[in-house]
Amino acid sequence: MRQGGRFFLYVLFCALAIAVNLGLQFGAVRGLGLAYWPALLIGTAGGLVFKYVLDRNYIFDARGAGAAKDARRFVLYAGFGLFTTAVFWSAEWIGHRFLSGEEGRYVGGALGLCFGYGLKYWMDSRWVFRR
């Protein structure tokens, strides 16, 4: 795949993963009545798994490596995700605290996810899915 096409797909997948993450959070709060932190964890976990599958299969074309290698990749992918998750959670908390509660949390979360995903692409292409 050409670089421009890969970039477009990556941005699209980021947007979809953001929707999954924030949608799961919204559903956990509104539908299940969960508090902020459990909802944040549910959204983060759902977005992580969703994005890993898309990245592995369509961005980095790393299918068919076997279960053991895929598990190691996922652990490394998730490990780098811990750092970018800290960026995302910080931005979401800042939005929640200083903008306007729940709405500000989603704005801050979306901005934090955008920045974090850019950083994550660089780390993943360099260390997780290197050719």
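Computed from the coordinates by the stated procedures, all read-outs in this text should not be read as laboratory data. All figures in this text were calculated on a predicted structure; none of them were measured in a lab. Neighbour counts are summed over all protein chains in view; Cβ atoms, including those assigned to glycine, are modelled from backbone coordinates with ideal geometry.
Roughly speaking, what is the centre-to-centre gap between the range 62-80 and the range 1-49 when only Cα atoms are used, to the nearest Å? Computed from Cα coordinates, the inter-centre distance equals 20 Å. How far is helix 67-95 tilted, in degrees, relative to the longest principal axis of the Cα atoms in the chain, given as a value from 0 to 90 rounded to the nearest 10? Taking the Cα atoms of the chain, the angle to 67-95 is about 30 degrees. Rounded to the nearest 10 degrees, the inclination of helix 3-26 to the longest alpha-carbon principal axis of the chain is 40 degrees. Helix 102-123 sits at what angle to the longest principal axis of the chain, using alpha carbons and giving 0 to 90 degrees rounded to 10? So the inclination is approximately 20 degrees. When N counts the residues of the chain, how does its alpha-carbon radius of gyration compare numerically with 2.2 N^0.38 Å, as a ratio? Cα Rg divided by the expected 2.2 N^0.38 Å: 1.08.
I want the local charge near LYS69. Using Cβ-Cβ distances under 13 Å, sum +1 for each Lys or Arg and -1 for each Asp or Glu among the other residues.
On the way: positive: ARG56, ARG63, ARG72, ARG73, ARG130; negative: ASP70.
Around LYS69, the charge tally is +4.
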